[in-house]
There are 4 protein chains.
Amino acid sequence: MSKIEVFPPNGWVAIEAHNGTDLDVVNAAKVSFAKQSEEFGFEEERILEFLIREKHGSPFEHNFLKFHVRAPIFVVREWHRHRIGFSYNEESGRYVELRPDFYIPQGARIQTGRPGSYTFEDASPEQGEMLAAAAQLQADTAYNSYKELMQAGIAKGQARIVLPLNTYTEFYCSCNARSLMNFLHLRMSPHAMYEIRCYAEAMHKLWEQAMPATAKAFKANGFVAP
Amino acid sequence: MSKIEVFPPNGWVAIEAHNGTDLDVVNAAKVSFAKQSEEFGFEEERILEFLIREKHGSPFEHNFLKFHVRAPIFVVREWHRHRIGFSYNEESGRYVELRPDFYIPQGARIQTGRPGSYTFEDASPEQGEMLAAAAQLQADTAYNSYKELMQAGIAKGQARIVLPLNTYTEFYCSCNARSLMNFLHLRMSPHAMYEIRCYAEAMHKLWEQAMPATAKAFKANGFVAP
Amino acid sequence: MSKIEVFPPNGWVAIEAHNGTDLDVVNAAKVSFAKQSEEFGFEEERILEFLIREKHGSPFEHNFLKFHVRAPIFVVREWHRHRIGFSYNEESGRYVELRPDFYIPQGARIQTGRPGSYTFEDASPEQGEMLAAAAQLQADTAYNSYKELMQAGIAKGQARIVLPLNTYTEFYCSCNARSLMNFLHLRMSPHAMYEIRCYAEAMHKLWEQAMPATAKAFKANGFVAP
Amino acid sequence: MSKIEVFPPNGWVAIEAHNGTDLDVVNAAKVSFAKQSEEFGFEEERILEFLIREKHGSPFEHNFLKFHVRAPIFVVREWHRHRIGFSYNEESGRYVELRPDFYIPQGARIQTGRPGSYTFEDASPEQGEMLAAAAQLQADTAYNSYKELMQAGIAKGQARIVLPLNTYTEFYCSCNARSLMNFLHLRMSPHAMYEIRCYAEAMHKLWEQAMPATAKAFKANGFVAP
């Protein structure tokens, strides 16, 4: 498994490259002691747990994960606020004609509570249908307007300003296990926005395959990043 | 002058705090020699020029600029790609009802050329009116839809996905002279998107007042950041 | 108080500039809600506690602290490993003749335990004297050798390689409250090296005066950085 | 070739892992256009040149290089000032007994000129011998003192403060092509300190094998990083 559909058919996350194993994390830490482990065993597992628990984050940086992502713009807006240990290159609405792909929610949510302690509950099926219909309608009329503006000779970068925040975009996202754990801590949280949580969970699954013992120690630490 | 209207009445940049002078840059550099200057004169000017030309960037980091900005989302999307030496906090469409403020272009552009060597020219007045009308129409219908969804009890964070990319948002942006010069180099360039260029030029004006000699040396270096 | 002697007469930390108050942190956070507080009261205190506890770190970045430091090289080696949100400019052994200032420990320590769970105890007065005498002797002979090499015409940058790790150096260190809290979390810890802990405690004292409510909330969170 | 002796027998750089090719850089850039290249040819070479010349740095970040290094402390002090896109884990003088390995210069230099325009020339063979002898003598006496202090029961972290700046240390250094080019630009320069230049040139050679076309375009741009 190297690609996960998040919101089919348009939303997905794929892992296109990774380098660095659980053992590499241990050996980055053990350079402090001028030691190296040849294989990953019980002792190495304990070291990973110790490093995460004690917030020794740097040994988790000597590895590489490259994701290819297709996500709605309002999700990417949150995503790209992650600065440290993250690299991005994204499809440009100035250079290409964006495709008519839009995120249409499968159901609506109701938000209750106050700042700092919001709760979200499922809305009724009717509310869900209302939201989906509105999102589809706005997307369709906006996309028609977008096409007309370009057909009238107006630059793509100006025409696209009519497009809604649920338009899909595509990007590369490279990071390391440390920066990824920071992302996952914040974005897999129940406080995170539902849609970015879906992407975070997909990344978590892909990463777990590449670095299973690190992922296990991270989980054991309550998903608090080192 | 501490606030500049960029696209009145909705778009503006204000400098809310700054700390650190041209002399502080020089003295950060002179710590290498265990020396300090008491005042800024001809010699200090030459040092600034030297530092910028030779790409000695670190002395430009010991200062602080805090901007408060109101800009359209498609501009902020480019802005927030600046990661290093930049801090952001932004109005959240999950927590507040966004205001019905939209960027409506004053004229249209035509894009010619190929990737890497695009040229933009002014479009006809008719094209400009077409773009403005379309942007206003999409914004109005989208905002109505947004309000209806919220009135139906749907969470703000879901309802806002119908809003277009020219919706205004507001944020704090803190940086230092080094990270600002990197931003200005890329965003004041003729290759930059027109709208972010307008913001970059406003920031440049505000910064010039705080650090005139650094700004002068940066200009003399062709706006290439150290 | 803006300068603290850490290891008199040679070691000290001074705060040379700061910008940004506890209220600014709160207002950076409240921009999410398009709100602002005019003054700092009980409600604002609660917001700071919430932000630190929930690891909402970005509002703590919109401020500025510039420290001027004189510390031994083996301390600075640990210090300069802090990369994110830290700016440095340091006295250069290539450009200036370093002064004959050396850190001489006031007492010796004994290290027991295993990697990950070391304990340090005070050594005997005799051991302390032995260490101080050895450190002074090596420093003196090294410094004599350093001077001779320079007098023989050899470049400063080559001559200084004979100097010991307890030689003092001087640097500027700029950061913000978020990056400082990360530093303090790691370097005020009982696991931290004694000498850097002394510097961290001095920085903590200086910072507490600039941002007392943030410092209080940080302490209440067990010095765990957001 | 994956390991280069820099100052035999103690100083070396090895590349322990790398991920990402010249083609990956091109495809990170082409995501802007929602395009991909299947293989690397003349067109792709031109894109690399364009990206470096126009300072489009982000496509060079989606790759990974892990170096293992053994270098003298005064070199590592300069090295670890590179913060962005660099990860480090280093042998710790608090945890292990450092080996009696010291950098002894093969010849001396004479420094002339003024700050900002220094020139270095070879010193006489006599000066070279004087420097080598002094460096060896100080190292030997310091190391004896170090051993005695530890034998007297004093903590390693205190005992090592007598060791000189030419003591060898060992570390992992991970980066990407963008951060590496920044390092190489500054450290392969004729203004850079000779010893770090030797390490930079070794890294350049190792990197050239992993990303030959990127290295070629970087060279064609006068080793100015994008």
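Derivation of every value follows stated rules applied to the coordinates shown; laboratory data play no part. Remember, predicted model here, so these are calculated numbers, not experimental data. So basically every Cβ, Gly included, is an ideal-geometry build from the backbone, and we count neighbours across all protein chains shown.
Brief remarks follow.
- Where the Cα pairs of the range B:51-205 fall when distances are cut into 10 Å bins, in %: 9, 31, 30, 22, 7, 1, 0
- Net +/- balance of residues flanking residue D:53 in space, Cβ distance below 14 Å, scoring K and R +1, D and E -1: +1
- Over all other residues within a Cβ to Cβ distance under 13 Å of residue B:7, the charged ones net out to -2, with Lys and Arg as +1 and Asp and Glu as -1.
- Values of log10 I(q)/I(0), in the order q = 0.26 Å⁻¹, for the range A:109-162 under a Debye, Cα-only, solvent-free model: -0.91
- Across the range A:71-88, rounded Karplus estimates of 3J(HN,Hα) from the backbone phi angles (6.51 cos²θ - 1.76 cosθ + 1.60, θ = phi - 60°) give 8, x, 4, 5, 6, 5, 4, 6, 4, 6, 6, 7, 9, 7, x, 10, 10, 9 Hz, Gly and Pro being marked x.
- Size of electric dipole in the protein assembly as shown: Cβ of Lys, Arg +1 and of Asp, Glu -1, about Cα centre, debye, nearest 20: 0 debye
- Close amide H contacts of residue D:6 (hydrogens built in the peptide plane, cut-off under 5 Å, sequence separation of 5 or more or a different chain): D:11, D:12, D:13.
- Other residues with beta-carbon under 12 Å from the beta-carbon of residue D:134 carry, at +1 per Lys or Arg and -1 per Asp or Glu, a net charge of -1.
- Alpha carbon centroid spacing (whole Å) that separates the range A:9-51 from the range B:170-218: 41 Å
- Other protein chain Cβ atoms within 10 Å, averaged over every residue that makes up A:54-61: 5
- Note on chain B: with charges restricted to the Cβ of Lys and Arg (+1) and Asp and Glu (-1), its dipole about the Cα centre is near 620 debye.
- Estimated inter-spin distance, residue B:121 and residue C:54, nm [label 7 Å along Cα→Cβ]: 5.3 nm
- Of the GluC sites (Glu not before Pro) found in the range C:34-113, those that fall in a DSSP loop while having at most 16 other beta-carbon atoms within 10 Å are C:38, C:39, C:54, C:97.
- For D:135-142, mean number of other protein chain Cβ atoms within 10 Å: 5
- Between the beta carbons of residue C:36 and residue A:150, assuming R0 = 41 Å, the FRET efficiency works out to 0.50 to the nearest 0.05.
- Note on residue D:216/residue C:136: beta-carbon distance plugged into 1/(1 + (r/R0)^6) with R0 of 51 Å gives a FRET efficiency of 0.40.
- One residue of chain D places its C-beta nearer than any other to the axis carrying D onto C; that residue and its whole-Å distance are D:83, 2.
- Between residue A:129 and residue B:99, the C-beta separation translates, for a Förster distance of 22 Å, into a calculated FRET efficiency of about 0.20.
- Helix axis angle, C:194-210 relative to chain C longest principal axis, alpha carbon, degrees: 40 degrees
- The aspartates and glutamates within cross-link reach of residue C:3, meaning a Cα-to-Cα straight distance under 15 Å and a gap of 8 or more places when in the same chain, are C:16, C:170, C:201, C:208.
- Between residue C:224 and residue D:189, the simple label model (points 7 Å from Cα in the Cβ direction) yields a spacing of 4.3 nm.
- Extent along the principal axes, Cα only, for the protein assembly as shown: 82, 54, 50 Å, with the longest axis given first.
- Spatial separation of Cα centroids for the range D:85-149 and the range A:106-164, in angstrom: 64 Å
- Cross-link check: pairs A:147/B:66; C:30/C:66; A:156/C:30 evaluated at a Cα-Cα cut-off of 28 Å; pairs beyond the cut-off: A:147/B:66; A:156/C:30.
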